[in-house]
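The values are calculated or read from the model by the stated rules, or taken from the named source; none is laboratory data. Note that the structure is a prediction, hence the values are computed from the model and not measured. Neighbour counts are summed over all protein chains in view; Cβ atoms, including those assigned to glycine, are modelled from backbone coordinates with ideal geometry.
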């Protein structure tokens with residue numbers, strides 16, 4: 001295995017060429033090993049201004065924020081204020097969704113592990129005030145229940161907004177202030193921002209998007225998603241070094257660098273314990289913990305989370321048994337391929353761990369009868385239509401809806417082939433990835449009830 005200094009030399013030498021290879025405007029990387037952090041950056045924060053990316057630049061971390069929210073919740077458990085296994089209404093009696101029986105049963109644990117079962121991609125803007133998360137709960141009253149609480153995994157942004165409100169109510173502070181008082185301050189973070197008003201005080205990255213498929217990357221017209229989704233990942237930005245200070249908390253049994261206890265060691269361990277097994281999606285973890293995504297590999301367990309906002313992508317991976325962590329923050333382009341090159345190298349060199357191969361379509365796909373899969377699957381932000389033509393070819397048509405249209409998503413059509421078991425996979429890669437599409441459950445008529453792509457998208461009309 002290499003030393004941290006050798007890895008640092010490799011990153012410094014290769015990062016500029018790699019971001020050019022993958023058309024990433026700017027990226028910043030930090031690596032933690034045995035308590036020591038090194039960091040580097042390359043490229044620009046915005047192609048419209050040409051401002052250089054530096055290690056002290058702040059990028060949005062997107063849904064990695066969910067692990068911060070989970071940590072705030074587990075601090076409440078430490079304080080004896082929350083029991084993970086009683087209904088969330090014990091603390092938030094105003095919590096309502098369309099299914100009253102489910103709303104009365106859903107627990108904090110289920111929200112943390114994405115098993116609560118209600119529609120999760122709700123990005124309604126409830127304003128910029130400190131009451132935006134409180135108001136967000138009112139948005140959920142008509143949200144449908146997809147499956148009984150605890151039955152399976154389905155990634156749920158809305159659930160983490162509910163958790164953010166839980167933190168607000170029990171701390172009697174707005175969510176942003178809870179972050180600052182209970183995590184930023186004890187961890188000594190210096191380059192972390194909960195809003196654009198804070199981020200502008202630093203060198204702040206701007207996301208880049210394609211105005212049209214295959215077009216040139218340009219700065220996104222909006223810096224962040226709605227503040228109402230802050231606990232799920234719409235706002236938080238920081239430099240990679242500060243993100244690794246947070247990661248170190250979860251490597252060092254909940255201790256800050258000065259030795260103070262930020263989270264009890266037992267709660268740190270509990271967050272990394274598997275709560276639910278995921279379908280075999282290839283690009284996601286094998287299990288989910290209390291906030292953390294867990295990747296069980298032949299070389300050991302990798303703990304982490306990814307995040308995506310408007311043109312910005314973030315990746316965090318931790319090897320708890322090796323004392324190693326790596327953070328990669330980016331602002332557009334083929335970020336997943338960049339992640340595979342950089343993070344795979346770091347984990348291999350410092351942790352003797354090889355990332356599993358990416359899922360890919362078979363060279364000679366098996367011809368199948370797709371009648372079990374054919375149909376329309378509907379979510380808040382898109383409709384997915386699976387069809388099979390007279391030649392036996394399987395197609396998936398995605399039509400964006402609502403906020404997805406506002407964010408610039410466009411309709412897509414792609415061919416799927418048989419992958420394994422009840423899974424299909426796209427023939428063509430999307431940003432360097434072939435995402436398996438798992439078909440789960442039964443509608444009572446021999447058809448799959450859900451198309452699972454990290455979210456369980458329910459068959460329309462079933």
Considering only segment 384-462, give the strands (runs of 3 or more DSSP E) lying wholly within it that have at least 2 residues that are within 26 Å of residue 333 (Cβ to Cβ).
394-400, 412-420, 423-426
Verdict on residue 422 being over 26 Å from the mean Cα position of the chain (by Cα) and not assigned by TED's automatic domain parsing to the domain that holds residue 213
no
Take the residues in segment 404-419 that are free of Cβ contacts under 8 Å to residues at least 60 places away in the same chain and farther than 23 Å from residue 392 by Cα, then tell me which one is nearest to the chain's Cα centre (by Cα).
404
Of the conditions (1) surrounded by fewer than 24 Cβ atoms within 10 Å (Cβ to Cβ); (2) touching a strand residue (DSSP E or B) at 6+ places or on another chain (Cβ under 9 Å); (3) touching a residue at least 24 places away in the same chain (Cβ under 8 Å); (4) outside any loop (DSSP other than H, G, I, E, B), residue 29 satisfies every one except a single condition; which number is it?
(1)
Inspect segment 80-94 for any residue being part of a loop (DSSP other than H, G, I, E, B), touching a strand residue (DSSP E or B) at 6+ places or on another chain (Cβ under 6 Å) and free of Cβ contacts under 8 Å to residues at least 40 places away in the same chain and give the result as yes or no.
yes
Can you pull out every residue in segment 164-206 that is out of contact with any strand residue (DSSP E or B) (no Cβ under 9 Å at 6 or more places or on another chain), closer than 17 Å to residue 61 by Cβ and buried (at least 17 other Cβ atoms within 10 Å of the Cβ)?
164, 175, 176, 178, 187
Has segment 39-62 got any residue that is in the same structural domain as residue 234 (by TED's automatic domain parsing), crowded, with 19+ Cβ neighbours inside 10 Å, free of Cβ contacts under 8 Å to residues at least 40 places away in the same chain and within 28 Å of residue 321 (Cβ to Cβ)?
yes
Among the residues of segment 135-185, write down those that are more than 23 Å from residue 107 (Cβ to Cβ) and touching a helix residue (DSSP H, G or I) at 6+ places or on another chain (Cβ under 9 Å).
135, 173, 174, 176, 177, 179, 181, 183, 184
In segment 73-91, is there at least one residue being more than 30 Å from residue 268 (Cβ to Cβ), over 21 Å from the mean Cα position of the chain (by Cα) and not assigned by TED's automatic domain parsing to the domain that holds residue 401?
no
Please indicate, with yes or no, whether at least one residue in segment 312-321 is within 27 Å of residue 448 (Cβ to Cβ) and in contact with a strand residue (DSSP E or B) (Cβ under 9 Å, 6 or more places away or on another chain).
no
At negative phi, surrounded by fewer than 24 Cβ atoms within 10 Å (Cβ to Cβ), modelled with pLDDT of 95 or more and under 19 Å from the mean Cα position of the chain (by Cα), is that true of residue 343?
yes
Out of (1) part of a helix (DSSP H, G or I); (2) closer than 20 Å to residue 68 by Cβ, the odd one out for residue 140 is which?
(2)
Scope segment 285-312; condition surrounded by fewer than 20 Cβ atoms within 10 Å (Cβ to Cβ) and part of a loop (DSSP other than H, G, I, E, B); matching residues
286, 298, 299
If a residue must be in contact with a strand residue (DSSP E or B) (Cβ under 7 Å, 6 or more places away or on another chain), under 22 Å from residue 156 (Cα atoms) and touching a residue at least 40 places away in the same chain (Cβ under 8 Å), how many such residues does segment 243-283 contain?
9
Within segment 388-400, does at least one residue satisfy the condition of being without any contact (Cβ under 8 Å) to a residue 60 or more places away in the chain, more than 26 Å from residue 432 (Cβ to Cβ) and surrounded by 15 or more Cβ atoms within 10 Å (Cβ to Cβ)?
yes
